Amino acid sequence: MANTSAALRVGLIGFGTAGRFFHAPLLATTPGVELTAVVTSNPERAGQAVSAYPGVTVVGAPEQLWPLGLDLIVVASPNKSHVSLAEAALEAGSAVVVDKPLAVSSAEGRGLVETAERLGLPLSVFQNRRWDGDFRTIAHVMRAGRLGEVRRFESRFERWRPQLKGGWREQGDRAEAGGLLYDLGSHLVDQALTLFGPAVHVYAEADVRRENAQADDDTFVALTHANGVRSHLWASATAGLLGPRFRVLGSKAAYVSYGLDGQEDELRAGRTPADTGFGETAPDGYGTLGAVGEESPYPTLPGRYTDYYAQMAEAVRGQGPVPVDPADAVRTLEVIEAARRSADEGRVIEL
């Protein structure tokens, strides 16, 4: 257990999109947390890290973190390296956060969870979309009974990106957990399971649409949950016009929202949770709640990515649970694997 009064010393493996725009600024603005070291072998990224976080130590290899006695190590490297790096960090005595997906397979994920349990160290997964403002709003209106009995949940991460950007997310094969099913699907499935519990049937379509793409870039997943709710989930880079981000249909009313939570764009623009208004949605971005003829805008709750590391800090100090149970991430991987099998075989998979 870490010292409950001293700042937690944190090492960050990776300073690409996830490390630079999500983990680093969130860690740096979490009270009682110190971003101590960053791992990157890229000289340009090393310079960016030092410029943004004066005093941070930059090293070229993850192994250089293990002797430092860090309280927490964050793994924000390419998907295929998540498990090996997380295991090494745990064996070095540090608590660990792994960016999603936890692993490239549910079996690997279970093994990692067992390692953390054996060593008695906190392990969590960065499913930050649980703290999106629109998702928090859906959970709120459901708890308040405004929708009645929810029957169908629709969720989309759609983009119009006809040209490849390159990189392992678009070109990586299954061994690298490339493609939208693993990338954005990790968020879509996690959100659905968080709201409605385990899935019992999975159907999926996973297509490669763009020229020279090697991983799925247009994917649909349908879940039937044990409680009867049906979730329809889309992830696409080929949507010329975008559908609603969320549409939730209940026995009393529905909720519909458009556009993505703004926290990612704010972080990419250099804003942080320390800035006034971070995570807030303007009225013209509110979702709509109600039924035909009785619908009205419903204020979106603020996005709260900062809560993730605040809760993780408490867990490292032994003062509370981890913000995302890694067992949840294993269940998400089981659904993704079933979706992959469904897409390959053209049939519904029973879990």
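The values are calculated or read from the model by the stated rules, or taken from the named source; none is laboratory data. Predicted model only: the values in this text are computed from it and were never measured. Every residue, glycine as well, gets a Cβ built from its backbone with ideal geometry; the counts of neighbours run over all protein chains shown.
A compact table of results
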{"item": "Listing of strands (runs of 3 or more DSSP E) fully contained in the stretch 112-210 that carry 2 or more residues being under 27 Å from residue 228 (Cβ atoms) and touching a residue at least 60 places away in the same chain (Cβ under 8 Å)", "result": "150-158, 199-207"}
{"item": "Residue 81 vs. criteria among the small types (Gly, Ala, Ser), in the same structural domain as residue 110 (by TED's automatic domain parsing) and within 24 Å of the chain's Cα centre (by Cα)", "result": "yes"}
{"item": "Scope the stretch 287-329; condition in a loop (DSSP other than H, G, I, E, B), acidic (Asp, Glu) and within 20 Å of the chain's Cα centre (by Cα); matching residues", "result": "325"}
{"item": "Subset of the stretch 306-351 (residues that are free of Cβ contacts under 8 Å to residues at least 40 places away in the same chain and either among the small types (Gly, Ala, Ser) or within 27 Å of residue 121 (Cα to Cα) (or both))", "result": "311, 314, 320, 321, 346"}
{"item": "Which numbered condition residue 107 fails, given (1) more than 28 Å from residue 260 (Cα to Cα); (2) small (Gly, Ala, Ser); (3) crowded, with 22+ Cβ neighbours inside 10 Å", "result": "(3)"}
{"item": "Selected residue (criterion: surrounded by the most Cβ atoms within 10 Å (Cβ to Cβ)) from residues of the stretch 28-40 that are over 10 Å from residue 58 (Cβ atoms) and either out of contact with any helix residue (DSSP H, G or I) (no Cβ under 6 Å at 6 or more places or on another chain) or of a type in the set (D, E, K, R) (or both)", "result": "36"}
{"item": "Among the residues listed as 339, 254, 329, the single one being buried (at least 17 other Cβ atoms within 10 Å of the Cβ) and not assigned by TED's automatic domain parsing to the domain that holds residue 182", "result": "329"}
{"item": "Condition met for residue 281 (among the β-branched types (Val, Ile, Thr), assigned to a loop (DSSP other than H, G, I, E, B) and at negative phi)", "result": "yes"}
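For (1) of a type in the set (Gly, Ala, Ser); (2) surrounded by 17 or more Cβ atoms within 10 Å (Cβ to Cβ); (3) more than 19 Å from the chain's Cα centre (by Cα), each residue gets a yes or a no:
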{"position": "193", "(1), (2), (3)": "no, yes, no"}
{"position": "229", "(1), (2), (3)": "no, yes, yes"}
{"position": "234", "(1), (2), (3)": "no, yes, no"}
{"position": "241", "(1), (2), (3)": "no, no, yes"}
{"position": "247", "(1), (2), (3)": "no, yes, yes"}
{"position": "265", "(1), (2), (3)": "no, no, no"}
{"position": "270", "(1), (2), (3)": "yes, no, yes"}
